[in-house]
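Scroll down for the structure; my scribbles are underneath it.
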Amino acid sequence: MTTPDQPTASQTITAELLHHIDARLNHLADQLGRGASAELLTFMRFSAQFHRYSLNNQLLIWLAAPAARHVAGFHAWKALGRRVMKGAKAVRILAPLTVPDHAAALGPDGRSPRVVVGFRYVSVFADHDTEGAPLPGDAFLTVQGGDDRDRALLQRLVCAAPVPVQWETHDHIAAHGWTDGGRIVLNTSRCADEPAHALRVFFHEWAHVALHFQGAGTRAEDCPDRHTRELEADAAAYVLSHVHGIDAAPQVADYITLWGGNPATLRASLTRIVRAVSGILGALEPPPVPAIQVAG
């Protein structure tokens, strides 16, 4: 029996998971401080497949099952017609612990809203540790084809953007695109002949809208300094481009090392990037298979 001062086994495991997250963030920040970005880029590519999960859970899944494309609980896999193979090792992720907030106003349903007071671990399993019915389709992750397909993809995606997207010709302006939060402008002079690049610029500017205009503040000045804003938008654009089959690594590999070796800054930015990417992909994708979603 544990005393009030002794943690339970579950609390110990949860604490260990949080320690692993901090250690990995410190490691990634140290790598950036040394001018190395390859490992962070690997994680960011991986995170695109799990954009509905928190940054903490993305890191935990990456550490435990770097080859995974889906994770779900034992019963969720069973509901999908698949079974967890004998001897499979569970992936532990974090789920929030909530309690009613009796100090807050009642919600429309007459109940007190709930507030997060901590975390507990839950076990999920990677897709490669299951067998049975075919996995849920994920054709949306990769765009096949050449220039015409890229142009068609861009034309389709701009319809989902939260602000108007316009093409303007500015030969004398070096910028490839820009936004004021109310519209996104793509510079025809810089992007029209390179459809894949136009998609990356589009994602970069949409990320600015999500991160720096519709998120923490209504003005870019309300958010981090301009240098950090550009890093965040470029990193988000890298993930979004990867989802749609565009390799933007050469354009961002050296640039993102400018985050330096500060793990707190890296955590803050990655948290914001994960949230923005999830929102953008949520606007672009069909509703997910409910059974694949787990808390966290």
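The values are calculated or read from the model by the stated rules, or taken from the named source; none is laboratory data. Keep in mind that what you see is a predicted model, and the values were worked out from it rather than measured. Cβ sites come from the backbone with ideal geometry, for glycine too, and all protein chains shown count toward neighbours. These area figures cover heavy atoms from the full protein model, side chains too; ligands, DNA and RNA do not enter into them. Shrake-Rupley method; radii C 1.70, N 1.55, O 1.52, S 1.80 Å.
Only one entry in A237, A220 is at pLDDT below 85 and more than 30 Å from S123 (Cβ to Cβ), namely A220. Taking A174 as the residue in question, decide whether it is under 17 Å from R149 (Cα atoms), modelled with pLDDT under 90 and loosely packed, with under 15 Cβ neighbours inside 10 Å. No.
Look at the stretch 52-63: where a residue is within 17 Å of L266 (Cα to Cα) and free of Cβ contacts under 8 Å to residues at least 60 places away in the same chain, no partner that is open to solvent by less than 10 Å² (accessible area, probe 1.4 Å) and among the acidic types (D, E) sits 6+ places away or on another chain with Cβ atoms under 8 Å.
Scanning the stretch 25-35 for residues that are among the small types (G, A, S) and in contact with a helix residue (DSSP H, G or I) (Cβ under 7 Å, 6 or more places away or on another chain) yields A29, G35. Looking only at residues of the stretch 131-154 that are farther than 26 Å from A72 by Cβ, among the small types (G, A, S) and part of a loop (DSSP other than H, G, I, E, B), we find that the one that is modelled with the lowest pLDDT is G145. Among strands (runs of 3 or more DSSP E) entirely within the stretch 67-130, having at least 3 residues that are open to solvent by 90 Å² or more (accessible area, probe 1.4 Å) and not small (G, A, S) singles out 114-126.
Scanning the stretch 101-132 for residues that are in contact with a strand residue (DSSP E or B) (Cβ under 6 Å, 6 or more places away or on another chain), free of Cβ contacts under 8 Å to residues at least 24 places away in the same chain and over 23 Å from L59 (Cα atoms) gives D101, S112, R114. Of all residues in the stretch 7-19, those that are more than 15 Å from L97 (Cα to Cα) have Cβ atoms under 9 Å from Cβ atoms of residues that are small (G, A, S) and open to solvent by less than 60 Å² (accessible area, probe 1.4 Å), 6 or more apart or on another chain, in P7/A15. Scanning the stretch 28-51 for residues that are without any contact (Cβ under 8 Å) to a residue 60 or more places away in the chain and open to solvent by less than 40 Å² (accessible area, probe 1.4 Å) returns F43, F46, F50.
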